[in-house]
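The structure appears below as structure tokens.
The values are calculated or read from the model by the stated rules, or taken from the named source; none is laboratory data. Everything quoted here is computed from the prediction, not taken from an experiment. Note that each Cβ is placed from the backbone with ideal geometry, even for glycine, and that neighbours are counted across all protein chains shown.
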Amino acid sequence: MTAVRRTLAAGLAAVVTVLGACSSDQILQELGPFPCAKDGTCPSGFSCSADAGECVSLGTGGGGDTGSGKPVDSVCLGDDTCNGGDCLYGVCTVVATQGEGGSGCAADRVLVLGACFRACSATLPCPSGLSCIWMDGGDAAKTLVLGCVSTAQAMVAGSWCTSSSSCTGYGSAGLSPFICGGDACALACGGGPGTAPCPPGYSCEDPLNDGSYGCFAND
């Protein structure tokens with residue numbers, strides 16, 4: 001029966017482009033909690049509960065009210081209201097839960113700035129309008145994570161800049177995952193050489209000696 005529900009849920013998720021995000025989301029919510037995919041993922045707007053192994057809706061604010069804000073994983077700007085979290089890096093995120101152990105995020109999400117972003121990889125693409133980038137998880141271990149941000153935010157990488165404020169942040173408080181290193185926006189790594197991670201082929205450096213560390217390609 002579980003296999004049948006998983007197949008049904010996957011089929012319903014696939015009709016998003018046909019029915020539109022709103023109507024398909026309503027269908028999935030009416031279906032109720034359904035099993036996560038075998039790789040631990042769920043359709044956009046849903047998250048995989050690590051404990052139950054089921055997809056649950058994230059398009060709700062506190063208290064279960066769907067509200068009038070944008071759903072989780074949708075593109076947002078400035079102080080747009082998001083259901084379930086904040087607008088960070090141009091995407092509606094989920095507020096991380098407080099408690100001991102774990103990251104405070106569901107199995108299919110990564111923690112950045114106290115918010116849960118949709119996880120992604122080379123084989124796990126982001127929903128339409130979002131792009132997969134490396135981000136500094138901001139934890140004590142300086143973990144580097146892959147998460148979905150708005151494509152507009154992702155395209156800031158490598159753009160010309162004169163200061164870190166030039167590396168535009170899309171979302172609340174204008175926060176950006178990039179800093180200005182010399183004359184180009186680069187992924188912020190923080191902490192300094194040897195203590196902060198960078199993607200393969202990059203090193204964490206502070207070319208302007210102003211405390212703004214970024215990931216730059218190795219010579």
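Just to be sure I understand, how many residues within segment 167-191 are hydroxyl-bearing (Ser, Thr, Tyr) and under 16 Å from residue 137 (Cα atoms)?
Let us first name the residues in segment 167-191 that are hydroxyl-bearing (Ser, Thr, Tyr), namely 168, 170, 172, 176.
Filter again for under 16 Å from residue 137 (Cα atoms), leaving 176.
Matching residues across segment 167-191 total 1.
Look through segment 171-186, keep the residues that are surrounded by 23 or more Cβ atoms within 10 Å (Cβ to Cβ) and at pLDDT 85 or above, and return whichever of them is farthest from residue 73 (Cα to Cα).
Initial filter on segment 171-186 (surrounded by 23 or more Cβ atoms within 10 Å (Cβ to Cβ)): 171, 176-181, 185-186.
With at pLDDT 85 or above added as a condition, the list becomes 171, 176-180, 185-186.
Details: 171: 13, 176: 17, 177: 17, 178: 20, 179: 24, 180: 27, 185: 24, 186: 24 Å.
Only one residue tops the list, namely 180.
For the subset of segment 151-170 comprising residues that are in a loop (DSSP other than H, G, I, E, B), touching a Phe, Trp or Tyr at 6+ places or on another chain (Cβ under 8 Å) and not aliphatic (A, V, I, L, M), which member is surrounded by the fewest Cβ atoms within 10 Å (Cβ to Cβ)? Step through it out loud before you land on a result.
Quick first cut of segment 151-170, residues in a loop (DSSP other than H, G, I, E, B) only: 155-159, 161-163, 167-170.
Remaining after also requiring touching a Phe, Trp or Tyr at 6+ places or on another chain (Cβ under 8 Å): 156-157, 167, 169-170.
Applying the additional criterion that residues be not aliphatic (A, V, I, L, M) yields 167, 169-170.
Working: 167: 26, 169: 18, 170: 24.
Out of the qualifying residues, it is 169.
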